[in-house]
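J.: The structure that follows is given in the form of structure tokens.
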Amino acid sequence: MSRIGMKPVEIPSGVKVAVAGRTVSVEGSLGKLTYDHRPEVTVVVEGDAVNVTRNDEERQTRAYHGLTRSLIANMVEGVSKGYQRSLEVYGVGYGVQQQGDKFTVTCGKSHPEILDVPMGITIDIQTPQARGDTDPAKFTVKGYDKQLVGEFAACCRRTRPPEPYKGKGVRYSDEYVRRKVGKAFAGGGA
């Protein structure tokens, strides 16, 4: 019995959920999302809740049951509240800037990394330039699609993952970077 799949998804006020065939459409104040669910599960809107049921007890069907319910819950939360992911850029001379739909990460390479900002994503830059090793550049990726927010945040981090010796690079604000000790000076010799 899937405990997650059996739990109904509550629909908050201001959010509309419609099911047409296998397509689930969720519309709220922040935007509109659609999802085509698997034929092994059935999605029904009953009152102010969405219920997901499965057609049989196969192992894969049970997995789709919980997955479908979680994806619909994420869509409902996304169009009503939205999602965000905060990142920090550590390193002397490292920084970020946005010009239109282009997001530039300067991270110690011979050229700045230029990323295309997808539709539905907004970037809020709190600190555009890192100052030393203790005061990082900070920015937040916001949007109503959880997958898109996470994917773009991962693309930003991938431009320069944090290295373990000095901690320089792009990291999530809640990420812990395990630091290594560098080479120690052995001494004068024999």
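Every number here is computed from the coordinates shown, using simple stated rules; none is lab data. As the structure is a computational prediction, the values presented were derived from the model and not from experiment. Cβ placement follows ideal geometry from the backbone for every residue including glycine, while neighbour counts extend to all protein chains displayed.
J.: Inspect all residues belonging to the range 85-102 and state whether any of them is within 30 Å of R3 (Cβ to Cβ) and surrounded by fewer than 20 Cβ atoms within 10 Å (Cβ to Cβ). Spell out how you get there, then give the answer.
T.: From the range 85-102, those within 30 Å of R3 (Cβ to Cβ) are 85; that's our starting set.
Next, from what is left, pick out any that are surrounded by fewer than 20 Cβ atoms within 10 Å (Cβ to Cβ): none.
Scanning the range 85-102 turns up no residue that is within 30 Å of R3 (Cβ to Cβ) and surrounded by fewer than 20 Cβ atoms within 10 Å (Cβ to Cβ).
J.: Report the residue count in the range 94-135 for those that are in a loop (DSSP other than H, G, I, E, B) and either in contact with a Ser or Thr (Cβ under 7 Å, 6 or more places away or on another chain) or under 17 Å from R158 (Cα atoms) (or both).
T.: So the count comes out to 9.
J.: Q60 is checked against (1) touching a residue at least 24 places away in the same chain (Cβ under 8 Å); (2) over 30 Å from C155 (Cα atoms); (3) outside any strand (DSSP E or B); (4) polar (S, T, N, Q) and fails just one. What number does that condition carry?
T.: Among (1) touching a residue at least 24 places away in the same chain (Cβ under 8 Å); (2) over 30 Å from C155 (Cα atoms); (3) outside any strand (DSSP E or B); (4) polar (S, T, N, Q), Q60 violates only (1).
J.: I would also like to ask the following. Kindly evaluate G169 against the criterion of being crowded, with 19+ Cβ neighbours inside 10 Å and over 25 Å from L33 (Cα atoms).
T.: On the way: crowded, with 19+ Cβ neighbours inside 10 Å: yes; over 25 Å from L33 (Cα atoms): yes.
Spelling it out, G169 is indeed crowded, with 19+ Cβ neighbours inside 10 Å and over 25 Å from L33 (Cα atoms).
J.: Further question: Can you confirm whether the range 181-190 contains a residue that is surrounded by 12 or more Cβ atoms within 10 Å (Cβ to Cβ) and outside any strand (DSSP E or B)?
T.: To start, the set of residues in the range 181-190 that are surrounded by 12 or more Cβ atoms within 10 Å (Cβ to Cβ) comprises none.
No, there is no match, as no residue in the range 181-190 is surrounded by 12 or more Cβ atoms within 10 Å (Cβ to Cβ) and outside any strand (DSSP E or B).
J.: Hey, among the residues in the range 26-57 that are assigned to a loop (DSSP other than H, G, I, E, B) and in contact with a helix residue (DSSP H, G or I) (Cβ under 6 Å, 6 or more places away or on another chain), which one's farthest from S13 (Cα to Cα)? Walk me through it before giving the result.
T.: Within the range 26-57, the subset assigned to a loop (DSSP other than H, G, I, E, B) is 28-31, 37-40, 47-48, 55-57.
Among the residues that remain, those that are also in contact with a helix residue (DSSP H, G or I) (Cβ under 6 Å, 6 or more places away or on another chain) are: 28, 30-31, 37-38, 40.
On the way: G28: 9, L30: 13, G31: 14, H37: 24, R38: 27, E40: 29 Å.
Among them, the one singled out is E40.
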